[in-house]
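Peer 1: Sharing a structure with you now.
The values are calculated or read from the model by the stated rules, or taken from the named source; none is laboratory data. Not measured: the values here are computed from a predicted model. All Cβ positions, even for glycine, are placed from backbone atoms using ideal geometry, and neighbour counts span all protein chains on display.
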Amino acid sequence: MSTYAFQGPRRGADRGVLLAHGAGSDKDAPALKAVASSLADAGVPSLRFDYPYRVAKKRAPDRAPVLDRATRDAAAELAKRAGLPAERLVLGGRSMGGRYCSLIVGDEEVPVPALGLLLLGYPLHPAGQPDRLRVDHFPRLRMPCLFVSGTRDSLAGRDALAKAANAIKGKVTFHWLESADHGYRPLKASGRTLPDVVAEVAEVSAAWVTKLR
């Protein structure tokens, strides 16, 4: 199984996007594949990748240092394949993956430069622990950030996420997915389906990425 999945033009683009997966998924998660396809249609290359535990076919995520290293390595791999400097890359992904992208960008000692952060369902706190906010690095985020979250996300309430994001120094944009939960599943009563929501995520993400300067 290949660790990396590169999509889009290999040369000529002025930006690229790293897409890291969530804890319970892998690089072929529907939302990540949809975003990658929309980016490719816009002429923007992207790289999806599997963390080591997924390559080893394990269910439990790796420890923090391993996730950190794998995210940094994937960003370097995208820069290499797309022929772009690190500061022209947008780093992000789903839930845990997006969080680790924000952590390496906001690292105190060896931060990774980035054009922006694409945070798809940012896990503001662990399940059932709303007081354990994962925001210590937010004040060190000085690039544009896009949060794409469901209005029923149990890991990041709308008001709590908006309040926490005030600490971010870069321009923050929110896109709220009506009735969607952390997995982007909408309520049946909404009349929407998961593919509908995923398509919205892909469209919004690609539009935001292409407008970054």
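Peer 1: Does Lys33 satisfy the criteria of being out of contact with any helix residue (DSSP H, G or I) (no Cβ under 6 Å at 6 or more places or on another chain), under 30 Å from Asp196 (Cβ atoms) and surrounded by fewer than 20 Cβ atoms within 10 Å (Cβ to Cβ)?
Peer 2: Considered against the rule, which asks whether it is out of contact with any helix residue (DSSP H, G or I) (no Cβ under 6 Å at 6 or more places or on another chain), under 30 Å from Asp196 (Cβ atoms) and surrounded by fewer than 20 Cβ atoms within 10 Å (Cβ to Cβ), Lys33 comes out as yes.
Peer 1: Of everything in the stretch 34-63, what is under 12 Å from Val17 (Cα atoms), without any contact (Cβ under 8 Å) to a residue 40 or more places away in the chain and within 17 Å of the chain's Cα centre (by Cα)? Give them in sequence order.
Peer 2: Listed by number, the residues that qualify are Ala36, Ala40, Pro45.
Peer 1: Mind checking which pairs have a first residue in the stretch 64-86 that is in contact (Cβ under 8 Å) with a residue 40 or more places away in the chain and a second that is among the β-branched types (Val, Ile, Thr), Cβ under 8 Å, 6 or more apart or different chains?
Peer 2: Thr71/Ile104; Arg72/Ile104; Arg72/Val112; Ala75/Ile104; Ala75/Val112; Leu78/Val17
Peer 1: Now for a separate question. Read through the list (1) loosely packed, with under 14 Cβ neighbours inside 10 Å; (2) touching a helix residue (DSSP H, G or I) at 6+ places or on another chain (Cβ under 8 Å), then give the number of the only condition that Pro126 fails.
Peer 2: (2)
Peer 1: Any idea which of Gly8, Gly97 is more than 18 Å from Gly183 (Cα to Cα) and in contact with a helix residue (DSSP H, G or I) (Cβ under 9 Å, 6 or more places away or on another chain)?
Peer 2: When all the criteria are applied, what remains is Gly8.
Peer 1: Would you check if there is a residue in the stretch 185-196 being modelled with pLDDT of 95 or more, β-branched (Val, Ile, Thr) and touching a helix residue (DSSP H, G or I) at 6+ places or on another chain (Cβ under 9 Å)?
Peer 2: No - not one qualifying residue is present in the stretch 185-196.
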